[in-house]
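Here's the structure we're looking at; comments come further down.
The values are calculated or read from the model by the stated rules, or taken from the named source; none is laboratory data. Small disclaimer: the values here were computed from a predicted structure and weren't measured. Glycine also receives a Cβ, built like all others from the backbone with ideal geometry; neighbour counts cover every protein chain displayed.
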There are 2 protein chains.
Amino acid sequence: MTVKVYGTAYGSPKRVVACLVEKGIEFEAVPIDLFKGEHKTPDFLKKQPFGFLPVVEDGDFTLFESRAIMRYYAEKYKNQGTDLLGKTLEERGLVEQWLDVEATSYHPPIYDLVVQSLFAPKMGIPQDPKVIQESEAKLAKIFDIYEERLAKSKYLAGDFFSLADLSHLPFTHYLFFKGVGKEHLIRDRKHVSAWWDDISSRPSWKFVLEHHPYPSF
Amino acid sequence: MTVKVYGTAYGSPKRVVACLVEKGIEFEAVPIDLFKGEHKTPDFLKKQPFGFLPVVEDGDFTLFESRAIMRYYAEKYKNQGTDLLGKTLEERGLVEQWLDVEATSYHPPIYDLVVQSLFAPKMGIPQDPKVIQESEAKLAKIFDIYEERLAKSKYLAGDFFSLADLSHLPFTHYLFFKGVGKEHLIRDRKHVSAWWDDISSRPSWKFVLEHHPYPSF
């Protein structure tokens, strides 16, 4: 049964795609156009009641929330492809810790920054410079903590690439977009910069960029 | 080795306490006073660089992020006490899905509501009625989705109590505080109300309220 992934043009579904590629799991992309409101149709809301991306359908099993989907496939195919969860319970604990940092501390400001910088102009909504400024300040503080962490270990959860790192890829990539222009947040920090070059040059991420490109802004 | 849990007077660490009680794991509480800034001391920041609660220390293993800590103990002691992760990979997937909904959709507005309603006045910061109003509106929409879900299954992830339900306890409890007064968000919805009565009457939650009370407001 091929896994169906909805909305792979956008940020959060790209987490799932990169994870499936790392695990060597076949999947099929189902396009969703946010700008046409295709995530708010009654049919889509039956799959995902919040109207958020992504959703996966795997036979008769439906799952949403990108990080929950990644955990499911990383566990189900633990011994296939890249191990993304760590080898011990303690390593898994640290993967979960940094994955939660990404979800609850990192994602909200980077999401606000991207929405304000890229999506608002495309949708004819006025930008709020205060939100952009505050989001950047929050991200700078978080990257300072990452810099300290990545001075001690190659990846966030330890010396192994994991879901914690992978989960940062799709939105961090937006920092380099012309309309966002915040790559200095990465480049001003030696260890963060090396970490970014490492994780963003993985074949799984290159596959995402080539086969599931971002919408044009 | 007894597990040390920092800051059990506050919301997020109460998730960890309730989880440890459900699992029958002994622990020791280490008080932290947020109002005295004890979460921003150099010693505390060595344990938790963001200055957030909770942190646990378990021998020489340190872990932060309440939901990561719960996952660690729920997995480590899978066969002891209440199983909080589901029996199959698919059940675990749904636990993770609703736990991520709690973390990324439910927690931000309820946190803002609680901080504005209770913490701001206590700290002499002016309340922002717009934030209170917007947070309540966001929560109402989420509870509408929960209501639909809980009409179909007794708990969020299915017909079993899990981390997904447990994770809602500490901040939902605040809705009933005099200074917040938003219990109607629960009581206006039949299935949400029954779910709340069920999960908040568990011995683990009663233990939390009795032995690790909230700060007084």
Does any residue of segment B:1-12 turn out to be part of a helix (DSSP H, G or I), surrounded by 15 or more Cβ atoms within 10 Å (Cβ to Cβ) and within 14 Å of chain A (Cβ to nearest Cβ)?
yes
Flagged in segment A:195-217 as under 28 Å from A:K152 (Cβ atoms) and surrounded by 15 or more Cβ atoms within 10 Å (Cβ to Cβ), in numbering order, are A:W195, A:W196, A:I199, A:S200, A:R202, A:S204, A:W205
Using beta carbons and a limit of 6 Å, which pairs, at least six apart or on different chains, have the first residue in segment B:119-139 and assigned by TED's automatic domain parsing to the domain that holds B:Y106 and the second one surrounded by fewer than 16 Cβ atoms within 10 Å (Cβ to Cβ)?
B:A120/B:Q127; B:K122/B:F217
Would segment A:18-27 turn up any residue that is more than 21 Å from A:L169 (Cα to Cα) and not in a loop (DSSP other than H, G, I, E, B)?
no
Being exposed (fewer than 14 other Cβ atoms within 10 Å of the Cβ) and at pLDDT below 95, is that true of even one residue in segment A:149-159?
no
Which one is surrounded by the fewest Cβ atoms within 10 Å (Cβ to Cβ) among residues in segment A:49-87 that are within 10 Å of chain B (Cβ to nearest Cβ) and polar (S, T, N, Q)?
A:T62
Can you name the number of the only condition in (1) among the small types (G, A, S); (2) more than 9 Å from every other protein chain (Cβ to nearest Cβ); (3) under 21 Å from the mean Cα position of the chain (by Cα) that A:S105 fails?
(2)
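Within segment A:73-85, track down each residue that is under 18 Å from A:H168 (Cα atoms) and aromatic (F, W, Y). Quick ask: steps written out before the conclusion?
Of the residues in segment A:73-85, the ones under 18 Å from A:H168 (Cα atoms) are A:73-74, A:82-85.
A:Y73, the sole residue that qualifies.
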Test A:S105 against the criterion of being within 27 Å of A:V180 (Cβ to Cβ), among the polar types (S, T, N, Q) and buried (at least 21 other Cβ atoms within 10 Å of the Cβ), and give yes or no.
no
Given (1) within 14 Å of chain A (Cβ to nearest Cβ); (2) in contact with a Leu (Cβ under 7 Å, 6 or more places away or on another chain), index of the condition B:A151 fails:
(2)
Could we say that B:P126 is within 14 Å of the chain's Cα centre (by Cα), away from every other protein chain (no Cβ under 13 Å) and either small (G, A, S) or more than 27 Å from A:Q48 (Cβ to Cβ) (or both) here?
no
How many of the residues in segment A:183-209 are among the polar types (S, T, N, Q), closer than 30 Å to A:F27 by Cα and free of Cβ contacts under 8 Å to residues at least 24 places away in the same chain?
1
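Can you spot a residue in segment B:5-14 that is hydroxyl-bearing (S, T, Y) and in contact with a helix residue (DSSP H, G or I) (Cβ under 6 Å, 6 or more places away or on another chain)? Give the steps one after another, and end with the answer.
In the first step, residues of segment B:5-14 are kept if they are hydroxyl-bearing (S, T, Y); the result is B:6, B:8, B:10, B:12.
Still in the running and in contact with a helix residue (DSSP H, G or I) (Cβ under 6 Å, 6 or more places away or on another chain): B:8, B:12.
Yes: segment B:5-14 contains one or more residues that are hydroxyl-bearing (S, T, Y) and in contact with a helix residue (DSSP H, G or I) (Cβ under 6 Å, 6 or more places away or on another chain).
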Of the conditions (1) surrounded by fewer than 18 Cβ atoms within 10 Å (Cβ to Cβ); (2) part of a strand (DSSP E or B); (3) not β-branched (V, I, T), A:E38 satisfies every one except a single condition; which number is it?
(2)
Using the structure shown, decide if A:L34 is of a type in the set (A, V, I, L, M) and within 14 Å of chain B (Cβ to nearest Cβ).
no
The listed residue being assigned by TED's automatic domain parsing to the domain that holds A:T172 and either within 14 Å of B:T104 (Cβ to Cβ) or at pLDDT 95 or above (or both), out of A:Q97, A:Q48:
A:Q97
Out of A:F27, A:F52, which single residue is of a type in the set (F, W, Y) and more than 15 Å from A:T2 (Cα to Cα)?
A:F52
Farther than 25 Å from A:F35 by Cα and free of Cβ contacts under 8 Å to residues at least 12 places away in the same chain: does that describe A:D83?
no
Residues of segment B:39-87 classified as acidic (D, E) and under 17 Å from the mean Cα position of the chain (by Cα), total:
1
